[in-house]
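Comments concern the structure below.
The values are calculated or read from the model by the stated rules, or taken from the named source; none is laboratory data. Here the structure is a predicted model, which means the values were calculated and not measured. No Cβ is skipped: glycine too gets one built from the backbone with ideal geometry, and neighbour counts run over all protein chains shown. Just the protein is used for accessible areas: all its heavy atoms, side chains included, with ligands, DNA and RNA removed. Shrake-Rupley method; radii C 1.70, N 1.55, O 1.52, S 1.80 Å.
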Amino acid sequence: MTRFLLQQHYPSLERDAEGQGAPWRLLGCWDAAMLSDRKVWRQLRGTLRNAAQTPAAWDLTQAERFDHIAAQLLWYAWGGREPADLQASQAQRAILERVARFTPTDPLADPDDTWLKGFQKIGQLSLNGMTHAFKMLALVGQLLIDMLKVVRQPLRGPWHDFSAHLFRMGAQALPITALVGFLIGVVIAYLLALQLRQFGADAFIVNILGISLTRELGPLLAAILVAGRSGSAITAQIGVMRVNEELDAMRVMGIAHGFRLVLPRAMALAIAMPLVSLWTTLAALLGGIWASDFALGVSPAYFLESLPDAVNIANLWLGMAKSVVFGLAIALIGCHWGLWVQPNTESLGNGTTASVVTSITAVIVIDAVFAIIFRNVGF
């Protein structure tokens, strides 16, 4: 019976009167068993926080079974420093001294360290970015070495994997790219029609649609779709191989990851990407022709007759050349993040997400670089 009553002696924090002279007294059992009770801790947490914010004396002598858990809670509440006026027994002071010696300073309790934590986070992100950049550079170098091996010994190349990836990344991507390209052409043509009709410049829709779709929008749209479709698939495939320990098995058998995994995917996307880009551009032009006929009365025959004179063929070749670089970048980024995946499902999801985001960002950056370098080509 005595033991039962003792267990019900919950910890509490009381004060006889308000004012700086009145001490806070710890009453009840302040041990791990009592403080681990969720109801007890909810009732005690607010009082303890408010008491620590007011400068006052503290009396621990009436606290029963005072242990290191209670001492650590008080130490954090006091902000990592002992109150100026503290009444405690010799045993309680020994516990508090031990907690003060081995407990690190709470980083959340010191607002002055906020800028330092932010600086450290920026530094860590920079180091991670440099690590990924160096690994990507090593992957590009390994790809060049593997391509030289294929040129020297073409019969030993991974042609079976190459043809399979070419079909999956190229032929199977044609329906979705055609649909999106057609709709984008329709949208752009309708938006242009609203503006050109005001100035009586209906015929110039051929020039604007032709140059924008063949030079920029067609290749860029195809690359973004392929990055979301094939780039994520590449990362997921290699990541699952990491989770299933197939990559470790390949290393044990002496099979190079670059030659068997990276090379066929990079070659397949480098060849498929220009063809998908051309296909997307044609679909977008078809949508633009249909919308121009419906909105402005520009007939398809006039559109097709005026297109070769309005658009220099150099714009088409520039778009195809960009697409080759887009394909290589998407494949390398997808393989990099796939090889980066750790053997767990959370890392697989993070790697796939990072692959898509990085691929789309890289495509936009590469397109901007091409636009700046070749700004005088095709005009």
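Brief remarks on what is shown
- Overall, the ratio between the Cα radius of gyration of the chain and 2.2 N^0.38 Å, rounded to two decimals, is 1.62.
- From phi via Karplus (6.51, -1.76, 1.60), per-residue ³J(HN,Hα) for the range 164-177 in Hz, x at Gly/Pro: 5, 5, 4, 5, 5, 7, x, 5, 6, 8, 5, x, 5, 5
- Extending 7 Å from the Cα toward the beta-carbon at both residue 135 and residue 61 defines two label points whose distance is 6.2 nm.
- Helix 313-340 axis, angle to the chain major axis (alpha carbon atoms, nearest 10°): 30 degrees
- With Cα atoms, 0 to 90° folded angle of helix 232-243 axis to the chain main axis: 50 degrees
- Mean shadow area of the range 257-325, taken as a quarter of the surface of its Cα convex hull (nm²): 5.4 nm²
- For the range 268-288 versus the range 339-379, the spacing of their alpha-carbon centroids is 19 Å.
- Residues with amide H under 5 Å from that of residue 64, placed H, sequence gap 5 or more: 28, 29, 30
- Extension gain (nm, one decimal) between residue 87 and residue 126, 0.36 nm per residue minus Cα-Cα: 9.1 nm
- Pairwise FRET efficiency - residue 252 versus residue 203, Cβ, R0 = 56 Å, nearest 0.05: 0.25
- Karplus-derived 3J(HN,Hα), 6.51/-1.76/1.60, for each residue of the range 214-227, Hz, glycine and proline x: 6, 8, 10, 5, x, x, 5, 5, 5, 5, 5, 5, 5, 4
- Extension reserve of the residue 313-residue 39 stretch, reckoned as 0.36 nm per residue once the Cα distance is removed: 91.0 nm
- Against the main long axis of the alpha-carbon atoms of the chain, helix 345-373 sits at an angle near 50°.
- Largest to smallest principal axis extent of the C-alpha atoms in the range 194-251, angstrom: 67, 17, 8
- Average 1/r across all pairs of distinct alpha carbons in the range 205-337, invert it, and you get the Kirkwood radius: 16.6 Å.
- Computed from phi, the 3J(HN,Hα) profile of the range 138-154 under the Karplus parametrisation 6.51, -1.76, 1.60 (θ = phi - 60°) reads 5, 5, 5, x, 5, 5, 5, 5, 5, 5, 5, 4, 5, 5, 6, 10, x Hz, with x in place of Gly and Pro.
- Distance in nm between pseudo-label sites at residue 305 and residue 346 (7 Å out along the Cβ direction from Cα): 6.6 nm
- In terms of its Cα atoms, the range 297-379 spans 58, 31, 15 Å along the principal axes, sorted from long to short.
- Averaging the Cα positions of each part gives two centres, and for the range 148-225 and the range 232-248 these lie 29 Å apart.
- Sum of side-chain charges, residue 47 neighbourhood, beta-carbon under 13 Å (Lys, Arg +1; Asp, Glu -1): +4
- Per atom type, the chain shows carbon and sulfur on 64% of its accessible surface, probed at 1.4 Å.
- Only the Cβ atoms of Lys and Arg (+1) and of Asp and Glu (-1) were treated as charged; on that basis the dipole of the chain about its Cα centre amounts to roughly 780 debye.
- All other residues whose Cβ lies under 13 angstrom from that of residue 336 are scored, Lys and Arg at +1 and Asp and Glu at -1, for a net of +3.
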